[in-house]
Amino acid sequence: MKALTILIVLAGAAAGLTGQQTARPLIIRNVRIAPDRPPRDILIRQGLIAATGPSGSLARPYDAEVFQGKGLLLGPAFLDAYVPASPPPPPADPALRTAPRSSAPTKPALRSLDDDIDTRRAALDRLHPARRQVDTRVWNPKGDAERLNAGIAWAFYLPTVELCGGSGVLASTRAAPRSLRVLDSDLGLLFALTRRRGRYPSTTMGAIAVHRQLFADAQRQEAWRKARSQTSSGVPRPPFEPGLARINEVLGGRRPAFYVCRTEHEALRILALLAGTKARLVLVGPPRVARAAAAMAKARAGVILQAEFPEVTDPGLRKRLHLAQPKKKLKEKGAPTTDTADPEMRALQDWIRSERRKVRAREKEAVQTFLNAPLRLSQAGVPFAFSTTEKGKGDDLLAYARLAVEAGLSKPSARRALTGADPALPFFRVLEQGARVGHAATFTLLDGPLWDWKTRIKAIVVDGRLQVLTSKPSPRGKKKGGSR
Amino acid sequence: MNRLAMILAITLAVSLPVFAQDKGWGSGNVLFRDVIVHMGTATRPFLGDVWIRSGKVADLGWVRDVPAGTRIVEGRGELHVMPGIIDCHSHIALAGGLNEATGPVTPEVRIRDAIRPDDPSIYRALTGGVTMAHLLHGSANVIGGQDAVIKLRWGANADGLIYEKAPPGVKFALGENPRRSNRNTPGADRQGYPRSRMGVEQIMRRAFQDALNYRDTWQAYKREIAEGSGHIPPRRDLRMEALLDILDGRIMVHCHCYRADEILMVMRVAEDFGFRVATLQHVLEGYKVAEAIARHGAGASTFSDWWGYKFEAYDAIPYNAELMRRKGVVVTINSDSADHIRRLNIEAAKAVKYGGYPRNLALQLVTLNAAKQLRIDRWVGSLEIGKEGDVAVFDGDPLNDRSKCVMTFIEGVQYFDRRKDIRERAKTHRPPAKSEQEATR
């Protein structure tokens, strides 16, 4: 009997859990869609906006959940455009072993680049189409709960950085893994100038050489395929490598390439590497890559700008970045006073002041680069979206957009960057923006205008599921040394 | 009062262009007047003018009229003007590693893909009158990566630094480095090949033989195409293509070496495969085989007094440069260091003082001869009419260790000014303000 009771309780709990996953209709009442329009009601059914109407005009379905949105403003949901998180690999597939090892030399021997099997095979295996399978039953990307709290409804998950990293997955962010909805499991391929100690390539120039070689291989496979299709007989079937076919998709512009870079010089090298191809390039990097904005505009490349807040200690600069001020250190009682009459002590103090000035100058430059990056990209006509960093927090995204607006970026541009709504970026065709009937119900509910620093996100709706955010966000930038 | 204001206004009007020139760093038009000119050739230094117009040397001697807007640097017979110094062996301005040491043969990697234009070493080199540098791959593998020749246009991006007129080169390395590096590479096979100097030679020979086989494959394919039977091109191998470019002389070889036996070995391998070694780098035992080097046609880029840092660098003498020159070898002194690059004129002076090198030819060790070794002497390396206006200005004889480089120009555009540098330094290292001093009391 006792066991039966436990079973019933467990079943009830399970039903409760799954109940959260089922799509109950939702009515949001008295919410303002724009600041100057009267409040409206929104009915959400099956994850879609089913109807909207003046306040009080929509009848409540019998099983609908009601949320009072009085005083709230309907705002956009955000996209975190680069989250390094690989979906769990698919089951081992012998077909993944694509590169022949027959030509591997015996020791001692000289290796041709073709024989750098490990590098090449690993790179190509990661581009294998089977890699794009996403098992959402077991995949729970780290940090999604925090992203939801920051108003981020979608994330673009790219594999952990490798020479060729594989497919990017665009999905809704959910705290519960089973409810994660994949919008596109193969939106683009990740590339990076990755180097490894003791293995080829161990240098940046080596990584570029590997990419050049892979591109040459891919072009050969394509040429072979074309020759076979154009000639009636005599051309044997090429040894098809799916990874190379995927690279050809990138070189032919049929699939975007996301290239991770850390500096503007790397960005320029990548642009040079893909010059002369039809590749649709999206560079992923910190704000300093925006210094190469002119070259990016010329190459029609897009950018995913990581909200990598500079580490600053200067109180003025921290205030400018809306970061929390570090606690003041209390002076120790009985600490020896410095004798400023002592010339050595004076010289030491002068030196300390000089060093502080240098540090401040460096921090100021870093802050300028950080703040000007979105404006610089916008002025050059480079489409861009924001992303968080591994060290940062979800609310960095909105904070960076607000700072960019303060630095002169237009609000529509900042909004596009926050939501991935730039038509020139690959996210645009996948994400449904705007609270229109028939669209996916994904938006935020704010207690004020989006660009006001005092405005908080009160609730987020992702695919029709409401999550009320009650916890207060912690003060930003309180980590050690002001890092984020 | 009005007179005072007028005097002030006139003073300001006169001084403004001077400040503007300092800040603007010129447009490529500059006249060095009343300076002691070191042409960088065998010509003796002379008192005269050097006129650079649109980035090129337009006239030497006594220049009477120059167009309006030309910047004039008054030497008053005290400033010495010499061609910009060219460092024939450097590893500055590189990002992401300079040794692709994961295999003994990696000529497909290119230094030009990893140039870091914001490396402060570029500016530091400018302070020593250096205007060009030959950036080489490291010496950890037998056949390393391809090089890049750059002009030190501080502030330009990587593409803006690269001197496209310079033919490409590749770094070879002999001796202890490729042996030791191969053994110590983390993750690499500790019994890796090569472990001996004999192995180094065989690595080269096998690499070139593989490249020739690769060429045969392509030629066979081309024959099939001509006959109408071939459809499938062989796989392109960038490594083999780079090796073929070496064999065909399209990529010059700059070989890191020390010992005489190895120097002979690498020249023998090159002759067997039908190409020439362009320069021997370090080449501390070059004096022992200078005739053979001259016969082969290789240049030698060495140190004036830097040796003894490993076994193969023990048997070195200060007369190395002079002995090789006497046998007809084109000799240069290089830095191989982000520190020494600032004092290459002193390195040349040391070759005179300790090595018996002719004084009138000493500056060529770091200017014209370097340009010859890099096959760019048609454009740079000396102050001759029509050549590019790369100039270093010293406040005394460049071969005097008390002299300082005061200005550096690249194609007539100023990239370093000692006075301005000192002013800028004073800004960052300014003494504390009075109020700060009082506050600390």
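Nothing in this text is a laboratory measurement; each read-out follows from the coordinates by a stated rule. Remember, it's a predicted structure, so these values are computed and weren't measured experimentally. For neighbour counting, all protein chains shown are included, and Cβ atoms are generated from backbone atoms with ideal geometry for every residue, glycine included.
Structure above, values below:
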read-out	value
Ordering of B:366-379, B:403-416, B:266-279 by packing [mean C-beta count within 10 Å, highest first]	B:366-379, B:403-416, B:266-279
Relative contact order for segment B:85-380, counting Cα pairs under 8 Å that sit 6 or more residues apart, in percent	18
On Cα atoms only, tilt of B:344-353 relative to the major axis of chain B in degrees	80
FRET E, pair residue A:347, residue B:385, Förster distance 41 Å, beta-carbon r, rounded to 0.05	0.20
Cα-Cα separations in segment B:85-380 greater than 36 Å, expressed as whole percent	16
10 Å Cβ neighbours from other chains, averaged over peptide A:208-216	5
Nearest-0.05 FRET efficiency for residue A:451 and residue A:140, computed from C-beta distance (R0 30 Å)	0.40
Cβ neighbours within 10 Å from other chains - mean over A:305-317	0
On Cα atoms only, tilt of B:197-227 relative to the major axis of chain B in degrees	80
Rounded Å value of the spacing that divides the Cα centres of segment A:180-248 and segment A:29-83	46
Cross-link pairs beyond the 31 Å C-alpha cut-off, checked among A:454/B:427; A:298/B:222; B:404/B:427; A:319/A:458; A:391/B:151; B:310/B:420	A:454/B:427; A:298/B:222; A:391/B:151; B:310/B:420
Neighbour-limited loop hits for trypsin sites (Lys or Arg not before Pro), segment A:221-295 (at most 10 other Cβ within 10 Å; DSSP other than H, G, I, E, B)	A:278
Sequence of A:261, B:88 once ranked by neighbouring C-beta atoms within 10 Å, starting from the fewest	A:261, B:88
Those aspartates and glutamates that a straight Cα-Cα span of less than 17 Å connects to residue B:350, excepting residues fewer than 8 apart in one chain	B:87, B:305, B:322, B:336, B:339, B:397, B:401
Averaged over B:110-119, number of beta-carbon atoms from partner chains that fall within 10 Å	5
Ascending count of other beta-carbon atoms within 10 Å, so fewest first, for A:369, A:444, A:160	A:160, A:369, A:444
Label-point gap, in nm, between residue A:60 and residue B:359 - each point 7 angstrom along Cα→Cβ	10.4
Using alpha carbons only: equivalent-ellipsoid semi-axes of segment A:354-405, gyration tensor based, whole Å	24, 16, 8
Selected from B:102, B:174, B:334, residue furthest toward positive end of dipole (chain B; charges at beta carbon)	B:334
Computed magnitude of the charge dipole of segment B:85-380 (debye, nearest 20; Cβ of K, R +1, Cβ of D, E -1)	480
